[in-house]
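Since the structure comes first, as structure tokens, the remarks are kept for the end.
The values are calculated or read from the model by the stated rules, or taken from the named source; none is laboratory data. Since we're looking at a predicted model, the values are computed, not measured. Cβ placement follows ideal geometry from the backbone for every residue including glycine, while neighbour counts extend to all protein chains displayed.
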């Protein structure tokens with residue numbers, strides 16, 4: 001088949017959505033399909049993959065980590081018939097998602113959508129009544145989803161969410177995003193990696209993701225504080241970049257944990273196995289995940305997981321088996337962190 005993927009974000013942006021699209025692209029190509037990516041333009045970046053087509057985009061000063069796509073391109077419009085597409089697959093419901101729906105209708109092609117994001121949980125980005133924003137999001141998503149011939153979700157919990165919020169029970173398939181475990185098997189000896197990262201004498205709690213409000217980094221720092229103060233050799237490393245950095249740095253300074261809570265910034269995706277393998281414990285406080293790829297990556301590195309019992313994470317982690325899942329309270333998360341750090345047998349079992 002000839003498959004067109006429409007996404008508002010693609011490389012060089014690093015996110016769970018981009019990693020999911022990339023993983024499925026590679027798998028489809030291996031099966032003999034032809035895959036085309038339609039995304040936003042990226043300044044100072046040259047595509048190394050074939051068949052990536054870019055729409056114009058602008059970077060807003062208030063949110064320059066995710067440029068806004070302008071979903072109009074006469075060149076792409078001219079090109080489309082020559083691709084002889086069989087299906088159009090959207091990964092966002094707005095901007096290029098709307099363009100994808102329109103193109104599918106114009107060309108008489110099946111239209112597929114992957115539900116990557118719990119959109120109503122991002123209502124805080126609109127500085128108006130949150131209940132009103134969530135109501136608007138729900139109505140708008142309901143209309144968009146009705147345009148889809150098929151919907152892909154990464155987990156059973158998101159399948160249930162579609163049924164509960166939008167009444168959609170048919171035409172939905174659960175397809176989790178897989179991860180490549182080969183890099184974790186060949187990354188090298190753990191102690192050597194710890195030495196390279198300067199962690200030889202450290203007990204490292206690690207987490208990864210965009211520094212955004214919905215990821216609850218302030219909650220994770222609060223939860224880990226008692227464990228960090230209990231032992232100066234412990235540190236919390238949060239890998240990622242985003243608009244919450246300044247606020248988190250202020251929180252860290254106020255708590256007097258500048259030497260124990262580290263924000264190294266965004267690292268190349270290829271480096272994630274090194275950091276995960278060298279760490280001791282993975283911690284996560286997000287409640288907005290649809291699958292939580294980063295949790296799977298931690299598990300691939302053999303790390304025990306301590307996290308909130310929330311969708312995405314709870315689909316991957318069984319409490320007391322791969323990790324500890326807690327109620328959504330900093331104190332509960334903190335107690336679980338201390339429990340794992342203080343019990344070597346439990347740490348090894350998880």
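List of remarks:
- Residue among 265, 247 that is in the same structural domain as residue 302 (by TED's automatic domain parsing) and at positive phi: 265
- Screening residue 298 with (1) surrounded by 19 or more Cβ atoms within 10 Å (Cβ to Cβ); (2) over 15 Å from the mean Cα position of the chain (by Cα) gives one miss only, at (2).
- Condition check for residue 176: in contact (Cβ under 8 Å) with a residue 24 or more places away in the chain, in a loop (DSSP other than H, G, I, E, B) and either more than 27 Å from residue 263 (Cα to Cα) or under 24 Å from the mean Cα position of the chain (by Cα) (or both): yes
- Any hit, segment 306-321, residues being crowded, with 24+ Cβ neighbours inside 10 Å and part of a loop (DSSP other than H, G, I, E, B): yes
One line per residue, one yes/no per condition, for (1) without any contact (Cβ under 8 Å) to a residue 40 or more places away in the chain; (2) in a helix (DSSP H, G or I); (3) within 28 Å of residue 19 (Cβ to Cβ); (4) touching a helix residue (DSSP H, G or I) at 6+ places or on another chain (Cβ under 9 Å):
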{"residue": "275", "(1), (2), (3), (4)": "no, yes, yes, yes"}
{"residue": "283", "(1), (2), (3), (4)": "no, no, yes, yes"}
{"residue": "325", "(1), (2), (3), (4)": "yes, no, yes, yes"}
{"residue": "335", "(1), (2), (3), (4)": "yes, yes, no, yes"}
{"residue": "339", "(1), (2), (3), (4)": "yes, yes, no, yes"}
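- Sole residue being buried (at least 18 other Cβ atoms within 10 Å of the Cβ), out of contact with any helix residue (DSSP H, G or I) (no Cβ under 6 Å at 6 or more places or on another chain) and farther than 20 Å from residue 290 by Cβ, chosen from 132, 96, 162, 85: 85
- Residue in segment 202-209 that is part of a loop (DSSP other than H, G, I, E, B), modelled with pLDDT of 95 or more and in contact with a helix residue (DSSP H, G or I) (Cβ under 7 Å, 6 or more places away or on another chain) present: no
- Candidates 189, 156, 185 - the one that is out of contact with any helix residue (DSSP H, G or I) (no Cβ under 6 Å at 6 or more places or on another chain) and closer than 20 Å to residue 313 by Cβ: 156
- Residue under evaluation residue 76, criteria (1) over 28 Å from residue 241 (Cβ atoms); (2) touching a helix residue (DSSP H, G or I) at 6+ places or on another chain (Cβ under 8 Å), criterion not met: (2)
- Selection status of residue 152, touching a residue at least 40 places away in the same chain (Cβ under 8 Å), under 30 Å from residue 2 (Cβ atoms) and buried (at least 18 other Cβ atoms within 10 Å of the Cβ): yes
- Top-ranked residue in segment 218-269 [being touching a helix residue (DSSP H, G or I) at 6+ places or on another chain (Cβ under 9 Å) and without any contact (Cβ under 8 Å) to a residue 24 or more places away in the chain; ranked as nearest to residue 199 (Cα to Cα)]: 258
- Residue within segment 260-270 that is part of a helix (DSSP H, G or I), at pLDDT below 95 and either surrounded by fewer than 17 Cβ atoms within 10 Å (Cβ to Cβ) or touching a strand residue (DSSP E or B) at 6+ places or on another chain (Cβ under 7 Å) (or both) present: yes
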